[in-house]
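Asks: One structure, as C-alpha cells, below. Some questions next.
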Amino acid sequence: MARDERGVTPQSEDFSAWYNELVFKAELVDRGPVRGTMVIRPYGYRIWELLQADMDRRIKETGHVNAYFPLLIPESYLRREAEHVEGFAPELAVVTHAGGKELEEPLVVRPTSETVIGEMMAKWISSHRDLPMLLNQWANVVRWEMRPRMFLRTTEFLWQEGHTAHADEADAMREKLIALDLYAKVAREIAAMPVVAGEKTASERFPGAVRTYTVEGMMRDGRALQSGTSHYLGTNFAKAFSIQYTAESGEQQYCHTSSWGMSARMIGGVIMTHGDDKGLVLPPLLAPYQVVIVPIGRGDQAGQVLPPAVELAERLSRAGIRAHVDTRAQLSPGFKFNDWEMRGVPVRLELGPRDLADGAALMSTRLGEGKSPVSLDSAPAVLLAELTAFQDLLLRRATSFRDSRTATVNAWEEFAEAVTTGWALAFHCGQAQCENDIKAATSATARVIPAEGAPEQGVCVRCGLPSAYGKRLIFGRSY
Ligand SMILES: [Zn+2]
C-alpha cells in the first residue's frame, strides 16, 4: 500500500516549483474552474480563520466596527476619483448583462470598496460629532489576474478592509499608525513574520492615496512580500463623494479618510517565511492541528492503541491544544509521519503498544531532530510549553534569516549583488525615474522607508543625488 508521493521539489532546488507543488500537496488549495481563481480547502481555510479571528479581535479592540457593503458597484463611482479608476481599470471585472438584458449602467465587481463606502459615509456623516467613523469589512474582492499564483495573486481573494473618516489630517494619520501597528503585531505575534513597517515611496502608492504605509516580510528566497497596507487618502475621496461635516465653528469641512487591508496572501507569506525542503512549517498559533497523534500497530494492537490515543487528544483539547488523531487505517505510520511533516504540523506524537505500557508517547517537533518520550500524565503541560517555544523559535529563526540577507550598501555594484539574494538598505534620491532605472537594471523596487532607525544622510545609490528621505530605504525583489 505504501505510496510515497509526499515529496515536493526541494525548496533549495527550485523555490517557485516548491511553492506551487506544496500548496496543492498540503491540501491548502485547489484550482477554481475560472482561470486565476482559487478554492481554499478546509486545511487552508482553517489557517485563514485563525488569522482572521485574531485580527478581528484586534480590529474591534482598537475601536472599529464591522459592516458589510455590496459586491457590485456602479461603474461611475470609480470614475469619480481619477487616479483610483486609472489604477484599477486594467484589473476590473465588469457586469454588463443581468436579469436577461443589458444593463443601463455597467456594474463593477469591487476591486476594493473606497467608493461605495465613501458614498455611504457621505450619507451617514453630517456633524463633527459623527467623527471619527471607524469601519471595517470582511469581504472578497476581484482584481483580474493575468499571472495568477495561489494565495499571492488570485483573481478573487479574501481580506479585510478598514475604512475610516476623520475631522482632520492629524486624526487620520493617527489611524494609519493604529492600522500599521495592528498589522505588524499580527504578522510578528501570530504569523511569526518579522515584518518591517514604514512608508512607501510615491511610485508605490495606492491609486488615489496621499501616503501609503506597508509591512514587508522577507521570504526564504530573499524576496519581499507586501503583507498589509494602510493609506492616508487625504480629502481625495471625501471630495469625490462629498464626505463633509459641520465643524464646531459651523463651517462645512471635508473629512480626511483612510483605508487599510490585509488579505489571505498572508498564508502565502507564512508558507514562504517558514517552509523548508520537507514542506510547510506552521506557526502553532496558525496551525489547524498543533499536535497530531499517530497510533502505531496493526490489527489487535491498533484496537488497543486507538482508545488511549483518542483520550490523549481529548485531554490535550481540554488544555486548549488543537489535537488530531490520524485514524486512517489504510496508511502506514511512516507515511502518516511524513504526511504531517509535509503539512507543517508543529508537534507529532507516536503512540504504540510499547509506549503505552511505559505510560509515554514519542514526540517529534517539525524542526527538531529525533524523538523524545513524553509521559502521558504530563503531556498537556509539556506540549503547551513545546508549542510556545516553537512559535518563538520560528520568529527568531525568520528574524536572523532576514538580517543575514539584508546588506547595508553604498556602491551600486554592492546594491545589484545584494538584491539577488535579499534586501539592500540604501539611500535614494526620491526620483521616480531613478526608481524605474533601478527596477529595469535589477528587478528590485523600493519596498519600504522603515519607520524605525535613526536619521542618516547620504547620496542615492544609483544616481548620486542627495538622499530624499533622511534614511536608508529597503530595496528588494518582490512578489
Ligand atoms: Zn537616484
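The values are calculated or read from the model by the stated rules, or taken from the named source; none is laboratory data. This is a predicted model, so every value here is computed, not measured. Backbone-built Cβ (ideal geometry, glycine too); neighbour counts: all protein chains shown. Please note that ligands, DNA and RNA were not included when accessible areas were found on the heavy atoms of the full protein model with its side chains. Shrake-Rupley method; radii C 1.70, N 1.55, O 1.52, S 1.80 Å.
Asks: Here is a check on your reading of the model: is Gln457 surrounded by fewer than 17 Cβ atoms within 10 Å (Cβ to Cβ), within 16 Å of the ligand (Cβ to nearest atom) and part of a helix (DSSP H, G or I)? Can you show your working first?
Replies: Details: surrounded by fewer than 17 Cβ atoms within 10 Å (Cβ to Cβ): yes; within 16 Å of the ligand (Cβ to nearest atom): yes; part of a helix (DSSP H, G or I): no.
In short, no.
Asks: Please state which of the following conditions Gly470 fails to meet, knowing it meets all the rest: (1) at pLDDT 95 or above; (2) within 16 Å of the ligand (Cβ to nearest atom); (3) not hydrophobic (A, V, I, L, M, F, W, C).
Replies: Result: Gly470 fails condition (1) only.
Asks: Next question, about the same structure. Mind telling me which of the residues Ile59, Ile47 ends up being open to solvent by less than 30 Å² (accessible area, probe 1.4 Å) and farther than 30 Å from Gly279 by Cα?
Replies: One residue alone meets the criteria, Ile59.
Asks: Examine region 434-441 for a residue that is in contact with a strand residue (DSSP E or B) (Cβ under 8 Å, 6 or more places away or on another chain), within 16 Å of the ligand (Cβ to nearest atom) and not basic (Lys, Arg), and state whether such a residue exists. I'd like the intermediate steps shown before the answer.
Replies: Initial filter on region 434-441 (in contact with a strand residue (DSSP E or B) (Cβ under 8 Å, 6 or more places away or on another chain)): 435, 438-439.
Going one step further and asking which of them are within 16 Å of the ligand (Cβ to nearest atom), we end up with 435, 438-439.
Among the residues that remain, those that are also not basic (Lys, Arg) are: 435, 438.
Yes, because at least one residue in region 434-441 is in contact with a strand residue (DSSP E or B) (Cβ under 8 Å, 6 or more places away or on another chain), within 16 Å of the ligand (Cβ to nearest atom) and not basic (Lys, Arg).
Asks: Collect the residues in region 230-271 that are under 28 Å from Met218 (Cβ atoms) and either of a type in the set (Phe, Trp, Tyr) or without any contact (Cβ under 8 Å) to a residue 40 or more places away in the chain (or both), keeping them in residue-number order.
Replies: Applying the first criterion (under 28 Å from Met218 (Cβ atoms)) to region 230-271 yields 230-232, 258-271.
The answer is Tyr232, Trp260.
So that you can scan it fast, the table gives a plain yes or no per residue for (1) over 20 Å from the mean Cα position of the chain (by Cα); (2) part of a loop (DSSP other than H, G, I, E, B); (3) of a type in the set (S, T, N, Q):
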site	(1), (2), (3)
Glu104	yes, no, no
Thr115	yes, no, yes
Gly118	yes, no, no
Met121	yes, no, no
Trp138	no, no, no
Val141	no, no, no
Glu145	no, yes, no
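Asks: Could I ask something else about it? Test Ile449 against the criterion of being among the β-branched types (Val, Ile, Thr), open to solvent by less than 50 Å² (accessible area, probe 1.4 Å) and touching a residue at least 40 places away in the same chain (Cβ under 8 Å), and give yes or no. Walk me through how you get there before you give the answer.
Replies: Numbers: among the β-branched types (Val, Ile, Thr): yes; open to solvent by less than 50 Å² (accessible area, probe 1.4 Å): yes; touching a residue at least 40 places away in the same chain (Cβ under 8 Å): yes.
In short, yes.
Asks: Report yes if Arg328 is among the charged types (D, E, K, R) and part of a helix (DSSP H, G or I), otherwise no. Even if it seems obvious, please write down each step before you answer.
Replies: Numbers: among the charged types (D, E, K, R): yes; part of a helix (DSSP H, G or I): no.
Here the answer is no, as Arg328 does not meet what is asked.
Asks: Residues in region 260-267: is at least one more than 27 Å from Ser230 (Cβ to Cβ) and open to solvent by 10 Å² or more (accessible area, probe 1.4 Å)?
Replies: Taking region 260-267 first, the residues more than 27 Å from Ser230 (Cβ to Cβ) are none.
No, that holds for no residue.
Asks: Restricting the search to region 339-361, which residues are in contact (Cβ under 8 Å) with a residue 24 or more places away in the chain and either surrounded by fewer than 15 Cβ atoms within 10 Å (Cβ to Cβ) or more than 19 Å from Gly279 (Cα to Cα) (or both)? Full working, then the answer.
Replies: Filtering region 339-361 down to residues in contact (Cβ under 8 Å) with a residue 24 or more places away in the chain leaves 339-353, 355-356, 361.
Once the filter is applied, which keeps residues that are in contact (Cβ under 8 Å) with a residue 24 or more places away in the chain and either surrounded by fewer than 15 Cβ atoms within 10 Å (Cβ to Cβ) or more than 19 Å from Gly279 (Cα to Cα) (or both), region 339-361 yields Glu350, Leu351, Gly352, Pro353, Asp355, Leu356, Ala361.
Asks: Considering each residue of region 24-34, count those that are in a strand (DSSP E or B) and crowded, with 19+ Cβ neighbours inside 10 Å, and give that number. I'd like the intermediate steps shown before the answer.
Replies: Looking only at region 24-34, we keep the residues that are in a strand (DSSP E or B), and these are 29-31.
In the following step, the residues that additionally are crowded, with 19+ Cβ neighbours inside 10 Å were identified as 29.
Result for region 24-34: 1.
Let's see how each residue does on (1) free of Cβ contacts under 8 Å to residues at least 40 places away in the same chain; (2) closer than 21 Å to Trp138 by Cα:
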{"residue": "Val8", "(1), (2)": "no, no"}
{"residue": "Gln11", "(1), (2)": "no, no"}
{"residue": "Val23", "(1), (2)": "no, no"}
{"residue": "Pro33", "(1), (2)": "yes, no"}
{"residue": "Thr37", "(1), (2)": "no, yes"}
{"residue": "Asp56", "(1), (2)": "no, yes"}
{"residue": "Leu71", "(1), (2)": "no, yes"}
